[in-house]
Amino acid sequence: PFGFAYSYKMIGGITTKNYAYYVAQGDKFNDLTVADYDQFCLKLKSRGTLPMAELNTNAAYELATQWLAAVSMDVKQLNQNCKVHVALTPFWNDLTHLGENPKNQFVPIYFIWWTSPENDIQKSGNVAYVELFAPTKTLLQLSVSNPKYILSKPLIFTNLAALFPGIMPVHTNHPVKTIYLSAPPN
């Protein structure tokens, strides 16, 4: 709802044929997910597995940081302030826990995530994560939950009164004169 989104600086999302994009942290772009995630990953899993000798967490990490930088995330500060983890995605590898490895073969879907000291103390959550399919360098998910690691400027709406017409004033996150679309009550 508008009030919740406006109060918490969570504007919303747009879904295209290939990805869903979200502006949900500090009025900034912070998240994308491949469209039809489950079906898409099932197709990737059906392509087959690789031998454990081909597990390459360094390449997955490098790809994840390139994508984060490409969408204006502060990778330098993430790496400086947080602990980075790289693992195979458990679900698509029929594993019980994140960080566990299969015995012989694996589905090359990697999960790379950064945790803050607070996350580590609470043993839950993360500051940012990227999920990817390594063989084709396909981005599955990217999310940054703390706006201090998002370098882009917030989206600014200067026309909320036009978007939400009525007699009540609508205040924006950009200083402008209040606009009444009909006369205010006396």
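The values are calculated or read from the model by the stated rules, or taken from the named source; none is laboratory data. Computed from a predicted model, the values in this text were never measured in an experiment. All Cβ positions, even for glycine, are placed from backbone atoms using ideal geometry, and neighbour counts span all protein chains on display. Just so you know, the surface numbers come from the protein's heavy atoms only, side chains and all, with ligands and any DNA or RNA stripped out. Shrake-Rupley method; radii C 1.70, N 1.55, O 1.52, S 1.80 Å.
When His97, His85 are compared by accessible area of protein heavy atoms, the largest-first order is His97, His85, using a 1.4 Å probe. Maximal additional length on extending the Asp38-Lys76 stretch stands at 10.6 nm, based on 0.36 nm per residue less the C-alpha distance.
A cut-off under 12 angstrom between Cβ atoms defines the neighbours of Tyr19, and their net charge, with Lys, Arg +1 and Asp, Glu -1, is -1. A probe of 1.4 angstrom, applied to the heavy atoms of all protein chains, finds Leu95 with accessible area near 30 square angstrom. What you get for segment 72-153, charging only the Cβ of Lys and Arg (+1) and of Asp and Glu (-1), is a dipole of about 240 debye around the Cα centre.
Nonpolar atom fraction for segment 35-148, defined as the carbon and sulfur part of the 1.4 Å probe accessible area, stands at 50 percent. Amide H contacts of Ile150 (H built 1.01 Å from N, in plane; Pro and chain starts excluded): Asp74 sit under 5 Å, all sequence-distant by 5 or more or on other chains. In the context of the full protein assembly, Ile14 retains an accessible surface of approximately 110 Å², using a probe radius of 1.4 Å and ignoring ligands and nucleic acids. Database remark: amide H of Leu140 closer than 5 angstrom to the amide H of Glu131, Leu132, Phe133 (H placed geometrically; neighbours at sequence offset of 5 or more, or on other chains; Pro and chain starts carry no H).
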